[in-house]
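Engineer: Dropping the structure in here first, questions after.
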Amino acid sequence: MRKDFAGVTFKGNELYTENSVPGTRVYGEQLLKQGGKELRRWDPFRSKLAAAIKQGLHTFPFNKSSVVLYLGAGNGTTISHVADICSKGCVFAVEFSPRAMTDLFYVCQSRKNTVPILGDARIPDEYEDLVAQVDLLYQDVAQRDQVDLLVKNAEKFLKPGGFAFLMVKARSIDVTKKPSYVFNEAETALREHFKIIERVTLDPYEKDHACILVKRK
Ligand SMILES: C[S@@+](CC[C@H](N)C(=O)[O-])C[C@H]1O[C@@H](n2cnc3c(N)ncnc32)[C@H](O)[C@@H]1O
């Protein structure tokens, strides 16, 4: 596990980010005081980005000022840590489930560097007026057409040379194929549009999932 990722504190086997809303928890995570700061434990069983770090991700392109488009924000678990890391940047969080949006809204309300957007990642035109050009795209939608979705959004919002994370759920693409086969197929499709930087599988934290990191050509 690399130990020099911007905004991530490593303590033994555990990961933490600096809590941007001290005294509050998002999903029951442990809080820890350290040198006048408050850290929040980042649980790899609850967040695929933390799982990817634990699984040996080498490249961590986030920094304090990163502007991020996050597709499939869910209840805001991972977003809250990305917002801690990109404390001087901005995270645009797209989610299409009104139920998840209710929780996401509360997470974003106290984090001034986040913008919750109720929208469908398949239709980026819906939110193009709300989103800036971004340094990083992060997608975790668990849908069959996840590669197409990433390409569509990258063409519209990702700066040339920007990085994109795709969290691939093999079973959402094809339950009958071996996960490694599905990951290879996704990588081949991505290669037409991006440079592949690295891939890590997320077992045992997330069964049959992989994190693929690419860079816009
Ligand atoms: C695995 S969950 C996300 C978990 C979240 N990324 C986290 O780590 O905290 C996938 C989410 O993607 C959302 N989603 C699926 N398809 C979508 C789409 N086309 N547009 C926007 N959100 C979508 C689902 O409603 C769900 O909340």
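A short reminder: the numbers here are calculations on the coordinates, not readings from a lab. Everything numeric here is computed off the predicted structure, so don't read it as measured data. Note that each Cβ is placed from the backbone with ideal geometry, even for glycine, and that neighbours are counted across all protein chains shown.
Engineer: Compare Asp129, Asp148, Asp203 in a GNM of the chain, Cα atoms joined below 10 Å, and give the one with the largest fluctuation.
Structural biologist: Asp129
Engineer: I need the calculated FRET efficiency for the pair Phe10 and Arg191, taking r as the beta carbon distance and R₀ as 30 Å, to the nearest 0.05.
Structural biologist: Calculated transfer efficiency: 0.40.
Engineer: Further question: With a ≥ b ≥ c taken as the square roots of the eigenvalues of the C-alpha gyration tensor of region 1-70, please select rounded if a/c is under 1.5 and otherwise prolate if a/b is larger than b/c or oblate if it is not?
Structural biologist: Judged from the Cα gyration tensor, region 1-70 comes out rounded (a/c under 1.5).
Engineer: How many nm is it between the label spots at Lys156 and Asp203, if each spot is 7 Å from the Cα in line with the beta carbon?
Structural biologist: Here the modelled spin labels are 3.6 nm apart.
Engineer: Would you mind calculating the relative contact order of the chain from Cα pairs under 8 angstrom and at least 6 residues apart, reporting the percent as a whole number?
Structural biologist: It rounds to 17 percent for the chain.
Engineer: What helices does the chain hold that run 15 Å or longer along their axis, going by alpha-carbon atoms, with a Kyte-Doolittle average of 0.0 or more, using DSSP H for the helix calls?
Structural biologist: Membrane-span-like by this criterion, though nothing is claimed about a membrane: 98-109.
Engineer: In addition: Rank by packing, highest mean first: peptides 47-60, 18-31, with packing defined as the count of other Cβ atoms within 10 Å averaged across residues.
Structural biologist: The peptides rank, most packed first, as 47-60, 18-31.
Engineer: Let me ask something else. Can you compute the modelled spin-label distance between Lys215 and Ser110, with each label point 7 Å from Cα toward Cβ, in nm?
Structural biologist: 3.8 nm
Engineer: Right, next: Counting pairs of Cα atoms in region 48-137, how many percent are more than 17 Å apart?
Structural biologist: The answer is 47 percent, as a whole percent.
Engineer: For Thr24 and Thr59, calculate 0.36 nm times their separation in residues minus their Cα-Cα distance, and state this gained length in nm to one decimal.
Structural biologist: Stretched fully, the Thr24-Thr59 segment lengthens by 9.7 nm.
Engineer: Just want the answer: with Cβ charges of +1 for Lys and Arg and -1 for Asp and Glu, which residue in Tyr106, Ser80, Phe157 is farthest toward the dipole's positive end in region 68-215?
Structural biologist: Ser80
Engineer: If you don't mind, another one. For region 111-217, with equal point scatterers placed on the C-alpha atoms only and solvent neglected, what are the log10 I(q)/I(0) values from the Debye formula at q = 0.09, 0.11, 0.17, 0.18 1/Å, to two decimals?
Structural biologist: -0.23, -0.35, -0.80, -0.89
Engineer: Given charges of +1 on the Cβ of Lys and Arg and -1 on the Cβ of Asp and Glu, with all other atoms neutral, how large is the dipole of the chain about its Cα centre, in debye to the nearest 20?
Structural biologist: That gives the chain a dipole magnitude of about 640 debye.
Engineer: Here's a follow-up. What area, in nm² and to one decimal, does the C-alpha convex hull of the chain cast on average over all directions?
Structural biologist: So the mean shadow area of the Cα hull is 11.2 nm².
Engineer: Turning to a different aspect of this structure: Quote to one decimal, in nm, the extra length available between Ala100 and Asp120 on full extension: 0.36 nm per residue of separation minus the C-alpha distance between them.
Structural biologist: On the way: separation 20, 0.36 × 20 = 7.20 nm, distance 1.31 nm.
Length gained between Ala100 and Asp120: 5.9 nm.
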